Every structure is written in C-alpha cells, then in structure tokens.
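Data block below; observations after.
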Amino acid sequence: MKKVYLDYNATTPVRKEVLEEMLPYFSEKFGNPSSLHRFGQETRKVIEDVRKKIADFLNADPLEIYFTSGGTESNNLAIKGVVFESKFEKPHVITTKIEHHAVLEVCKWLEERNFIELTLLDVDKFGMVNPDDVIKNIKENTVLVSIMHANNEVGTIQPLKEIGEKLQIVNSERIKKGVPEVYFHTDAVQTVGKIDIDVNKLKLHLLSLSAHKFYGPKGIGAIYIRKGTRITSLIQGGHHEREIRAGTENLPGIVGLGKAIEVAKEKMYEEEERVKKLRDKLKSLITENISDVLILGHPEKTLPNTLSVLFKYVEGEAVVLQLDMEGIATSSGSACSSGSGESSHVLRAMNVPQDFIRGAVRFSLGKDNTEDDIIYTFEKLKDVIKKLRDISPLYKKNV
Ligand SMILES: *Cc1c(COP(=O)(O)O)cnc(C)c1O
C-alpha cells in the first residue's frame, strides 16, 4: 500500500546525514564531557561547537543556549524557572488560549497551586493575538509573557516582533522605576528549522526549540535564555549547563540537534518553498472540489507546511482513521484517543462554530512529500468525505 506521511507537525523522521553524524557518539566517542581526560575533552568540544551553531542560527550568544530534553522541558523551564525566581509574592503570567499543552498545562498547574495569577489572552478568528491586548494586561507583578511563534494545529504565526517592541517600551519604563522587567518567552518549536528567527529582532528573553520537529532526534532540545535573565533551574544535581540543567549531557542527541540545524540552515528556504507549493495545491484541490469546507488559520501569516481544514458534517477523527486505512497519516483537531475527549482548545479560542468544531483535519507536510502524495491524498479524501457524509444524519438534513 502507498504510504503518505502528512503529520510532520507531530514529528519528523531523522535525516540520514543527521543519523550518520550521531552514530559514532554512542560507542566510539562516548566520553563524559565533564571528564578531564581526552575522551571527555573531545566530547566537550563537540557540545560547545553545537551550542555555537544553535546560537548563530538564532542570532544569540553561545552562552545563552542551554540543552534540554526537548520542547516540553524548555517550556517548563522558561515558565517555572522565571516564576520561582521572581521576588513578587504572587507573580502574574500572561499567555494565550492557543498555546501548546506544554505551556498551557504548566501555567494552569502553577495557577491551581496558587503560585501565580494567570491571564489567558483571546485570539481572533484566524488564531492571532492582538499585541495591544498583551500590553493592556500587564500589571505591576507581571513577570512573563509567553506567546508561541506558530501554532501547531492551524499554523498561524503570531506578531512577535510587534509584541516584543511594545514590551521593550514597557520595560524601559519599569527599569526607570526599579520594577522588574516583564520577560518575553516564545515556544518556537514549530518554527525553528522552518522559517527565519532572530531573538534580537523579536526582543525575546526566552525561546524553546525541539530537534524532532525539524528532522533531528527525539528527546533533545534547547532553550535560549538572554544574558541577565533572572531564572532558576528545575533540575539540580550537578554543574552541567552552567547550573541551569543538571545531568550528563545527551551527547548523541546534541550532535543530532547540531546537524539538524546545520542542514535546516542550508535547505530550509528551498524545502519550505517546495512544500508550500504542495500545500497550496492540496488546499485548492480541496476548496475547489469538496463542498462545505472551511480553511482554518491565517490566510498568509501561517507556516508554509500546514493546512488545517474543517469538513462540515463529519468527525475529523473519523476522517483521520479512514485516511489511515488508505496509508495516509494526518491528525485531527481534537487530540483525544479515547473518543470521549474535548474539542480542540485552539479551535474553541478561534470561535469555530460548535456544530462543526469536531470536523477539523490537519495536513502538515514535509521534505519527503511529492506531488503524487498530494493527488493520492486528495482522491482518497474526496471519497472518505463523501462516504462519511452519506451516513451523516446532519448532512442529509442540511443539504
Ligand atoms: C511538539 C511541540 C512541543 C513539544 O515538544 P517536545 O520536544 O515533543 O517535548 C511544544 N510546543 C509545540 C508548539 C510543539 O509543536
């Protein structure tokens, strides 16, 4: 059977050249980077070289990059690390209703335990945050604004530059008054390796990234922490990562992350341009040939590889399962496996009509997709939607 993978926002395969680069670091070059002998010195140098690569990619300093186990850990560290180090009795955190669970659940956990006051910002129908809303919600005790760069479900890219610039104005006033700065964090897990990102242009203090979303291995990521940011570690037990993250480094993972970012730097524009064309082709095939559909997310300010479509009168999950039987891997808006789960918090925040909210399907493309894949997917999709609508009582009533 033909196999078509259209779920690159969930995870990506490790590139061949990335895997090859990693292999010697399991059993030949295995020294503990903290050891003084040459086995350790050798791997220490490798780790520092990767740190520099990541820093260059983000326009940061190598001393501002720390390795973690991935996006989830980086988000936990950014949020809890800033909150726990704050001098305010009850710090205030601002984030949005459309964040990944690795931000949202951390914030809710802190709020439930009375560690923080939390503001969840609304978004418009495209899933976009209004920069003025961010500024309006800042209070004396606000310590952190956390806004994702691009949304994993619908692809919308947030106006981080505008928010960063406005925050900088607020912060210069706060510094004059001796009030602690409001730090700006972004979960850039969906953008690093896909589009350009510069921590200085965006005026960020913290940024999370993860290797497995851009053809690197799973279980390795990094966090950018601007020099001077007041933050505490969450994992103690050694001097690793300059006291920010204890534990012997994931050496093969770090090597893989380094190679993945190196290749992304070289190929990302070309690859994303190609992928965008395929995405747009799938989009027009769907909108021109299937009735009662709605494209979700922002029409322009969106990831080049992501297409989220609402098929009215069907369940997204049913579409995903039916497509899977044809060898096509996609994802539905509601990330529940039991069938009794909630609808997507992202789509709810975008005010997608209740009646149709379960009809969303996400197609996220990547480097191995071909035009053939897109045509095959469209053909199968058309049949699946027809089949499901034929047995849907809602559809019959409405047409
Ligand atoms: C995948 C993802 C994460 C989680 O990253 P892991 O490395 O899998 O822990 C966080 N945020 C976003 C936006 C993601 O897409």
Only one of (1) in contact (Cβ under 8 Å) with a residue 40 or more places away in the chain; (2) open to solvent by 70 Å² or more (accessible area, probe 1.4 Å) does not apply to residue 276, and that is (1)
Hey, does region 17-37 have a residue that's within 16 Å of the ligand (Cβ to nearest atom), among the β-branched types (Val, Ile, Thr) and under 20 Å from the mean Cα position of the chain (by Cα)? no
Single unsatisfied condition, residue 189 versus (1) among the β-branched types (Val, Ile, Thr); (2) in a loop (DSSP other than H, G, I, E, B); (3) in contact with an Asp or Glu (Cβ under 8 Å, 6 or more places away or on another chain): (3)
Please list, ordered by first then second residue, the pairs with beta carbon atoms under 9 Å, 6 or more apart or interchain, first in region 119-133 and in contact (Cβ under 8 Å) with a residue 60 or more places away in the chain and open to solvent by 30 Å² or more (accessible area, probe 1.4 Å), second in a loop (DSSP other than H, G, I, E, B) and acidic (Asp, Glu). none
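Condition check: at pLDDT 95 or above, assigned to a loop (DSSP other than H, G, I, E, B), open to solvent by less than 30 Å² (accessible area, probe 1.4 Å) and within 11 Å of the ligand (Cβ to nearest atom). Does residue 199 satisfy that?
Here the answer is no, as residue 199 does not meet what is asked.
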Restricting region 155-203 to residues that are among the hydrophobic types (A, V, I, L, M, F, W, C) and out of contact with any Leu (no Cβ under 9 Å at 6 or more places or on another chain), which is farthest from residue 83 (Cα to Cα)? 169
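What residue, of 106, 189, 179, 134, is among the aliphatic types (A, V, I, L, M), out of contact with any Ser or Thr (no Cβ under 8 Å at 6 or more places or on another chain) and within 14 Å of the ligand (Cβ to nearest atom)? Spell out how you get there, then give the answer.
Working: 189 fails: out of contact with any Ser or Thr (no Cβ under 8 Å at 6 or more places or on another chain); 179 fails: within 14 Å of the ligand (Cβ to nearest atom); 134 fails: within 14 Å of the ligand (Cβ to nearest atom).
None of the other options fit; the residue is 106.
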Against the conditions (1) among the hydrophobic types (A, V, I, L, M, F, W, C); (2) over 17 Å from residue 4 (Cα atoms); (3) open to solvent by less than 30 Å² (accessible area, probe 1.4 Å), where does residue 356 fall short? Just the number, please. (3)
Determine, yes or no, whether residue 147 is open to solvent by 20 Å² or more (accessible area, probe 1.4 Å), within 16 Å of the ligand (Cβ to nearest atom) and within 15 Å of the chain's Cα centre (by Cα). no
Looking at region 204-219, I want the residues that are modelled with pLDDT of 95 or more and open to solvent by 10 Å² or more (accessible area, probe 1.4 Å) and have a partner that is within 8 Å of the ligand (Cβ to nearest atom) and among the polar types (S, T, N, Q) with Cβ atoms under 8 Å, at least 6 apart or on another chain. Which pairs are those? 212/11; 213/9; 213/11; 213/190; 218/11; 219/69
Can you find even one residue in region 265-284 that is within 20 Å of residue 29 (Cβ to Cβ) and among the acidic types (Asp, Glu)? no
Mind listing whichever residues of region 232-251 are surrounded by fewer than 21 Cβ atoms within 10 Å (Cβ to Cβ) and in a helix (DSSP H, G or I)? 240, 241, 242, 243
Mind checking which pairs have a first residue in region 29-54 that is acidic (Asp, Glu) and a second that is open to solvent by less than 70 Å² (accessible area, probe 1.4 Å) and modelled with pLDDT of 95 or more, Cβ under 9 Å, 6 or more apart or different chains? 42/29; 42/31; 42/33; 48/33; 48/62; 49/258
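Taking the options 270, 288, name whichever one is closer than 22 Å to residue 352 by Cα, without any contact (Cβ under 8 Å) to a residue 40 or more places away in the chain and among the charged types (D, E, K, R). Give the derivation first.
Values: 270 fails: closer than 22 Å to residue 352 by Cα.
Testing whether each residue is closer than 22 Å to residue 352 by Cα, without any contact (Cβ under 8 Å) to a residue 40 or more places away in the chain and among the charged types (D, E, K, R) leaves just 288.
Looking at region 177-196 only, could you name the residues that are among the aromatic types (Phe, Trp, Tyr) and open to solvent by less than 20 Å² (accessible area, probe 1.4 Å)? Full working, then the answer.
Step one: list which residues in region 177-196 are among the aromatic types (Phe, Trp, Tyr), which gives 183-184.
Within region 177-196, 184 is the sole residue that qualifies.
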Selected residue [in contact with a strand residue (DSSP E or B) (Cβ under 8 Å, 6 or more places away or on another chain), under 23 Å from residue 46 (Cβ atoms) and more than 16 Å from the ligand (Cβ to nearest atom)] from 262, 241: 241
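Here's the yes/no breakdown for (1) within 16 Å of the ligand (Cβ to nearest atom); (2) farther than 28 Å from residue 348 by Cβ; (3) open to solvent by 10 Å² or more (accessible area, probe 1.4 Å); (4) in contact with a Gly (Cβ under 9 Å, 6 or more places away or on another chain):
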residue	(1), (2), (3), (4)
116	no, no, no, no
153	yes, no, yes, yes
160	yes, no, no, no
175	no, yes, yes, no
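The values are calculated or read from the model by the stated rules, or taken from the named source; none is laboratory data. Keep in mind that what you see is a predicted model, and the values were worked out from it rather than measured. Cβ atoms come from the backbone with ideal geometry, glycine included; neighbour counts cover every protein chain shown. Heads up: the accessible areas ignore ligands, DNA and RNA and are worked out on the full protein's heavy atoms, side chains in. Shrake-Rupley method; radii C 1.70, N 1.55, O 1.52, S 1.80 Å.
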